[in-house]
Amino acid sequence: MNIFVSEGACVKQIIAELKKQGEEIPLDAFGHPRLDKVNVGQYFAKQFAAKIGAEKTQVFKSGYFARAAAPNKKDLRLIHDCAVKAVECALAGIGGVVGKDEEQHNELRACEFERIKGGKPFNVRNSRFRKMLKEIGQPRPRKTRVVKK
């Protein structure tokens, strides 16, 4: 079985479950839970392995799959623009992570480190995401149902 899970999927629920089990959740310098220590992929792997009787599991980071595909022209343009903006910001003494800032009308800028954290749900209704699915021949996401214990 292959399961693709984003790094921050269900992180709040997983943290709550781990805390109930007495585990301490380390925080980063900004007070956000360290997602590498929460390790969503391993958590789900253990849960599903126990339910289906899997003898072993293997978890791949999403970046592994992202890098497996060659960039298209639009990707290359964004990579170039981000690199140029990163150099501009560095020379101006502006720190952060360069990308399109959704809270600033998708302006390409250095987003403040304090604002970067996990746990944001992915919007599968986003028009750009749906357009991409159509372009690559993938079906639209189906509604899912969360089963609570």
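Structural remarks
- Yes/no for ALA54 being aliphatic (A, V, I, L, M) and either within 29 Å of MET132 (Cα to Cα) or surrounded by 14 or more Cβ atoms within 10 Å (Cβ to Cβ) (or both): no
- The set of residues in segment 101-124 being surrounded by 14 or more Cβ atoms within 10 Å (Cβ to Cβ) and without any contact (Cβ under 8 Å) to a residue 12 or more places away in the chain consists of ASP101 alone.
- Every residue from segment 12-45 that is touching a residue at least 60 places away in the same chain (Cβ under 8 Å), under 15 Å from the mean Cα position of the chain (by Cα) and farther than 21 Å from GLN58 by Cβ: LYS12, HIS32, PRO33
- Every residue from segment 3-28 that is touching a Leu at 6+ places or on another chain (Cβ under 7 Å) and under 15 Å from PHE44 (Cβ atoms): GLU7, GLY8, VAL11
- Helices (runs of 4 or more DSSP H) completely within segment 38-139 that count 2 or more residues being at pLDDT 85 or above and under 24 Å from LEU27 (Cα atoms): 40-52
The values are calculated or read from the model by the stated rules, or taken from the named source; none is laboratory data. These numbers come from a predicted model, not from an experiment. In this analysis, Cβ positions are derived from the backbone assuming ideal geometry, glycine residues included, and neighbour counts consider all displayed protein chains.
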